[in-house]
Amino acid sequence: MRAGHHVVPHLAGSGGLTLDEEEMKSWGRQLGAASTAPLVIALTGELGAGKTTLAQAIFSGYGVTEPVTSPTYTIVQQYHSPRSIAYHIDLYRLNDVAELTNIGWNDIVAERALVIVEWPERAGDRLPDAPLHIELAYVAGDPVRRLLLAG
C-alpha cells in the first residue's frame, strides 16, 4: 500500500489494528524500515496513548541508533540515521501556530528528512500536504492494547 508516494507496510491499511505495546513497537520498526525521506508522519492520540513509544520504534526501524526521548519540553529533537536526518517534534506545548516559526518549522518540513510530529493538529494549516496520518486510541476495557489507525 502507498501513502502519498511512500511505501507503508501491509499492516498499515486504512483500517485499524489492535496492538499491545510489543506489537506496536514491531509495527513501528517495520514502518521505519519501509519509510523514505522526505516523509512527515502526523501522530495523534490522547496523552499516554503511546505516541512517543511508537515514534521511538519508527526511528529505530529508520536506523536511528541514539536514544530517542520525548521532545515535550524541547519541542524539537534532531537525530541522525544513515538514511537522512530525522526530527521528532512535539507540539503539545505550542500556544499558537505562529510559534512554529520560532522552532524552524518551515525549514524542517522542507528538508529531505523523516519528520514525526506529535499533536500535529496544533500546526493548523502549516502541516505539509499529504502527511502519513497515524492515530492511537485507547481500547475500551483493555488497558494494555491500543487501536492504531493509519492511512
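The values are calculated or read from the model by the stated rules, or taken from the named source; none is laboratory data. Just so it is clear, the model here is predicted, and its values are computed rather than measured. Cβ coordinates were reconstructed from backbone atoms using ideal geometry, including for glycine residues, and neighbour counts include every protein chain displayed.
For every residue, the table says whether it meets (1) without any contact (Cβ under 8 Å) to a residue 40 or more places away in the chain; (2) outside any loop (DSSP other than H, G, I, E, B); (3) under 29 Å from residue 124 (Cβ atoms).
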| residue | (1), (2), (3) |
| --- | --- |
| 37 | no, no, yes |
| 42 | no, yes, yes |
| 55 | no, yes, yes |
| 70 | yes, no, yes |
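Here is a list of conditions, (1) of a type in the set (Lys, Arg); (2) part of a loop (DSSP other than H, G, I, E, B); (3) surrounded by 21 or more Cβ atoms within 10 Å (Cβ to Cβ), and residue 83 meets all of them except one; can you say which number that is?
Tallying (1) of a type in the set (Lys, Arg); (2) part of a loop (DSSP other than H, G, I, E, B); (3) surrounded by 21 or more Cβ atoms within 10 Å (Cβ to Cβ), residue 83 fails exactly one: (3).
Which numbered condition trips up residue 75, out of (1) closer than 28 Å to residue 144 by Cα; (2) more than 14 Å from the chain's Cα centre (by Cα)?
The one condition residue 75 does not meet is (2).
Restricting the search to the range 102-118, which residues are assigned to a helix (DSSP H, G or I), in contact with a strand residue (DSSP E or B) (Cβ under 9 Å, 6 or more places away or on another chain) and within 21 Å of residue 62 (Cα to Cα)? Working first, answer last.
Within the range 102-118, the subset assigned to a helix (DSSP H, G or I) is 102-103, 105-110.
Subsequent filtering for residues that are in contact with a strand residue (DSSP E or B) (Cβ under 9 Å, 6 or more places away or on another chain) retains 103, 105, 108-109.
Across the range 102-118, the qualifying residues are 108, 109.
For (1) at pLDDT 95 or above; (2) under 18 Å from residue 118 (Cβ atoms), each residue gets a yes or a no:
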| site | (1), (2) |
| --- | --- |
| 11 | no, no |
| 20 | no, no |
| 62 | yes, yes |
| 68 | no, yes |
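Considering only residues that are in a strand (DSSP E or B) and either within 14 Å of the chain's Cα centre (by Cα) or buried (at least 19 other Cβ atoms within 10 Å of the Cβ) (or both), which ones fall in the range 124-140? It would help to see each step written out before you state the result.
Of all residues in the range 124-140, those in a strand (DSSP E or B) come to 132-139.
Residues satisfying the conditions are 132, 133, 134, 135, 136.
Within the range 133-145, identify whether any single residue is small (Gly, Ala, Ser) and closer than 15 Å to residue 41 by Cα, and answer yes or no.
Applying the first criterion (small (Gly, Ala, Ser)) to the range 133-145 yields 137, 140-141.
From what is left, the residues that are closer than 15 Å to residue 41 by Cα are none.
Within the range 133-145 (the criterion being small (Gly, Ala, Ser) and closer than 15 Å to residue 41 by Cα), the answer is no, since none of the residues qualifies.
Could you tell me which numbered condition residue 116 fails, if it satisfies all but one of (1) at pLDDT 95 or above; (2) more than 15 Å from the chain's Cα centre (by Cα)?
Failing condition for residue 116: (2).
From 121, 99, grab the single residue that is in a helix (DSSP H, G or I) and surrounded by 13 or more Cβ atoms within 10 Å (Cβ to Cβ). Spell out the reasoning first.
Values: 121 fails: surrounded by 13 or more Cβ atoms within 10 Å (Cβ to Cβ).
Just a single option satisfies the conditions, and that option is 99.
Could you list all residues from the range 63-114 that are of a type in the set (Phe, Trp, Tyr) and closer than 18 Å to residue 48 by Cα? Show your work before the answer.
Our first condition is that a residue be of a type in the set (Phe, Trp, Tyr); within the range 63-114, this holds for 73, 79, 87, 92, 105.
Correct list: 73, 92.
Scanning for something among the charged types (D, E, K, R) and under 12 Å from the mean Cα position of the chain (by Cα), does the range 49-63 turn up at least one residue? Write out each step before concluding.
Within the range 49-63, the subset among the charged types (D, E, K, R) is 51.
Pick out the ones that are also under 12 Å from the mean Cα position of the chain (by Cα) and you get 51.
Yes - at least one qualifying residue is present in the range 49-63.
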